[in-house]
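This report refers to the structure that appears directly beneath it.
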Amino acid sequence: MGFPDFSDAVYPAVVTHPISGRKVLEVVEQFLDRVITPQQFGLSNDESIELLERLVAHTKKPEFTYFHQWREGDMVLWDNWRAMHCTTGTKPGIKRLINRTTIEGDITLGRVLTAE
């Protein structure tokens, strides 16, 4: 079974947290493709790629990284506005149970890309 063929989505690189009002860098490497119309922002395509590479490198700095050492009974909560998250996987033969919940909000950040 393959992945569904979703439409391209566009998200702002910086957003404002709805509660704290702080600016949040929303550059997530695994979902990153390109800057849409970088010329609108005074950048060439090459400059926009370089900027994205620098922003991604910034998000990978050790001071921004947390690795959880799982123990039975652990529960981890995070604010999706402030934390990029991923897993490194589970060793073969290890049984795990995952319960996930999402708290619905009233803010939508992305939009479907219709034209560039």
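The values are calculated or read from the model by the stated rules, or taken from the named source; none is laboratory data. Just so it is clear, the model here is predicted, and its values are computed rather than measured. Here Cβ is always computed from backbone atoms with ideal geometry, including for glycine, and neighbour counts include all displayed protein chains. For the accessible areas, the whole protein counts, side chains as well, though only heavy atoms, and no ligand, DNA or RNA atoms are used. Shrake-Rupley method; radii C 1.70, N 1.55, O 1.52, S 1.80 Å.
Before moving on, here are some points about what is shown:
- In plain terms, the bigger the Kirkwood radius, the slower the diffusion; for the range 51-90, with that radius from Cα pairs, at 37 °C and 0.692 mPa s, Stokes-Einstein puts D at 266 µm²/s.
- Taking a straight Cα-Cα cut-off under 15 Å and skipping sequence neighbours fewer than 8 places away in the same chain, the aspartates and glutamates within cross-link reach of residue 60 are 26, 29.
- Taking Cα atoms only, the orientation of helix 45-59 departs from the longest principal axis of the chain by about 30 degrees.
- On a per residue basis, the range 58-103 carries 111 Å² of accessible surface, using protein heavy atoms and a 1.4 Å probe.
- Here the accessible area is traced with a 1.4 Å probe on the protein chains. For the range 15-116, carbon and sulfur cover 54 percent of it.
- Stokes-Einstein diffusion of the chain at 20 °C, 1.002 mPa s viscosity, Kirkwood radius from Cα pairs, rounded to a whole number: 123 µm²/s.
- Neighbourhood net charge (15 Å Cβ-Cβ; Lys/Arg +1, Asp/Glu -1) for residue 89: +3
- For the pair residue 104 and residue 55, the difference between a 0.36 nm per residue extended length and the Cα-Cα distance amounts to 14.8 nm.
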